[in-house]
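Note sheet for the following structure.
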Amino acid sequence: MQHVHIIGIGGTFMGGIAAIAKEAGYRVTGCDAKMYPPMSTQLAELGIEVVEGFEAAQLDRYTADIYVIGNVARRGMPVIEAILNQGLPYTSGPQWLSEHILQKHWVLAVAGTHGKTTTASMLAWVLEDSGLEPGFLIGGVPENFAVSARLPKNPLVNANIDSYFVIEADEYDTAFFDKRSKFIHYRPRTAILNNLEYDHADIFANLAAIQTQFHHLIRTIPSEGLIVNNDQSSALEEVLAQGCWSQIQGFGSNQDWQIGTIRSNGGFDVLYRQQIVGHVEWDLLGQHNRMNALAVIAAASHIGIPVQQSCAALGRFKNVKRRMEIKGVVQGITVYDDFAHHPTAIATTIEGLRQKIGPARILAVFEPRSNTMKLGAMKAALCQSLVQANIVYCYAGGINWDVAAALGPLENKVQVFHEMSALIKAIVNDASSGDHILVMSNGSFGGIHQQLLDGLQNKPSD
């Protein structure tokens, strides 16, 4: 049994690799900074031993066949310096996954600035609902599966039967020694390009730098493969114009796949080349999710799943944790948790909730926590993304740019806080029955959701 020791095992991606490696028969151990649920719980349930910290002494305890290094690792960490000085074998998470797992399967990859987790979860579920039992590695926990990663349940038994692996294809860099985007390693036969905007200001100088990485991905897709492209994205059109050798199907315009009539209950018709080919009946919110569904239907069609089967499966899709997840309802006040952290994602999340609740008040609560937001790279777009909210609360602890000035055009409907207790107190005081508190962050936000629910529970009724 080969031993894999994972440096940075606590993240969703590396934790997913740990789960897959364990399932594949490897002995798996790892290390990370202080571990928290749910990943600490998941690893413990899998029987994966984890040491806290990045000290070099752990190498004496865990003499592995290969050290798989996550992009949380940096030069100067004692364990990294020891691996390099001792000449121990190491690789990145994406490369290990590619060489030991993905090359055995038909890979369906979902790339884009927004919606990767939701779209990959939808795609994995459509395949599962169709009896294909795919493997997957997703940066979240799909409610239909309750795990973020697994191997295909239907292994490749001969050349005529494919097994499938759905992966969330992240454009973030691979490791300190490999600055290419993670998705360069995945070599998909089916690829969804959901959208493309500037993000990750900590590693990309501009949009063109990200477009270069996306074109590197396109170069890996075989000519018999399929690119499902959001043809409403000018940035993606520019990438494809640099050269494309694969089949392309567009979604979003009238060229290939498009959204037809939208029903008042959220259901919608699916059109292919302006002909109705299916209908999705579901309760997910927003235009962005309808676009996600179109991409999934197109990708599933590429591997032979009929459109109507995909539509029916999407009607049974339960979404992903932290995507408009209702955390509780207290005194008629609903508290949601959402992963939105980029201005475009914030805007589409609020828009979707607005479509659902009509004129009821939205109390939008967010923290600019991502590396891009901390650098202030998106501050000019932040104000417009929040206009559909009735009251806006921003937690700006640790931010060194003027959040209040950036949100100034929102005038008296915005409040900025640097202390969590003051933020929670203000929200609880302002909220009243019928309100919807939408909390948006790509982190745990200090456990704000439960604190809000507790505060609302103890608040005198209106």
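The values are calculated or read from the model by the stated rules, or taken from the named source; none is laboratory data. As the structure is a prediction and not an experimental result, all values here were calculated from the model. Reconstructed Cβ throughout: ideal geometry from the backbone, glycine too, with neighbour counts over all protein chains shown.
Suppose we filter Gly225, Gly243 for residues that are in contact with a Ser or Thr (Cβ under 6 Å, 6 or more places away or on another chain), outside the structural domain of Tyr67 (by TED's automatic domain parsing), more than 30 Å from Ile80 (Cβ to Cβ) and touching a residue at least 12 places away in the same chain (Cβ under 8 Å); which single one remains? None of the other options fit; the residue is Gly225. Take Gly70 and tell me if it is touching a residue at least 60 places away in the same chain (Cβ under 8 Å) and either among the small types (Gly, Ala, Ser) or over 25 Å from Ala340 (Cβ atoms) (or both). Yes. Condition test on Arg273, is it buried (at least 17 other Cβ atoms within 10 Å of the Cβ) and not hydroxyl-bearing (Ser, Thr, Tyr)? Considered against the rule, which asks whether it is buried (at least 17 other Cβ atoms within 10 Å of the Cβ) and not hydroxyl-bearing (Ser, Thr, Tyr), Arg273 comes out as no. The number of residues in the range 182-215 that are part of a loop (DSSP other than H, G, I, E, B), more than 11 Å from Leu236 (Cβ to Cβ), touching a Phe, Trp or Tyr at 6+ places or on another chain (Cβ under 8 Å) and not β-branched (Val, Ile, Thr) comes to 5.
Every residue, every condition in (1) in contact with a helix residue (DSSP H, G or I) (Cβ under 9 Å, 6 or more places away or on another chain); (2) of a type outside the set (A, V, I, L, M, F, W, C); (3) part of a strand (DSSP E or B); (4) modelled with pLDDT under 95, yes or no:
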site: Ile17; (1), (2), (3), (4): yes, no, no, no
site: Ala21; (1), (2), (3), (4): yes, no, no, no
site: Gln42; (1), (2), (3), (4): yes, yes, no, yes
site: Glu55; (1), (2), (3), (4): yes, yes, no, no
site: Glu81; (1), (2), (3), (4): no, yes, no, no
site: Leu88; (1), (2), (3), (4): yes, no, no, no
site: Thr91; (1), (2), (3), (4): yes, yes, yes, no
site: Pro94; (1), (2), (3), (4): yes, yes, no, no
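The one condition from (1) touching an Asp or Glu at 6+ places or on another chain (Cβ under 6 Å); (2) in a strand (DSSP E or B); (3) in contact (Cβ under 8 Å) with a residue 40 or more places away in the chain that Gly10 does not meet is (2).
Scan the range 392-402 and tell me whether some residue there is more than 18 Å from His342 (Cβ to Cβ), surrounded by fewer than 18 Cβ atoms within 10 Å (Cβ to Cβ), at pLDDT 85 or above and not charged (D, E, K, R). The answer is no, given that none of the residues of the range 392-402 is more than 18 Å from His342 (Cβ to Cβ), surrounded by fewer than 18 Cβ atoms within 10 Å (Cβ to Cβ), at pLDDT 85 or above and not charged (D, E, K, R).
Set side by side, the residues Pro155, Pro188 differ, and just one is closer than 30 Å to Tyr26 by Cα, modelled with pLDDT of 95 or more, assigned by TED's automatic domain parsing to the domain that holds Ser130 and more than 17 Å from the chain's Cα centre (by Cα), which is Pro188. The set of residues in the range 92-138 being of a type in the set (Val, Ile, Thr) and either crowded, with 23+ Cβ neighbours inside 10 Å or more than 24 Å from Pro222 (Cβ to Cβ) (or both) consists of Val107, Val110, Thr113, Thr117, Thr118, Thr119, Val126, Ile138. For the range 299-337, filtering for residues that are of a type in the set (Gly, Ala, Ser), surrounded by fewer than 17 Cβ atoms within 10 Å (Cβ to Cβ) and without any contact (Cβ under 8 Å) to a residue 40 or more places away in the chain leaves 2.
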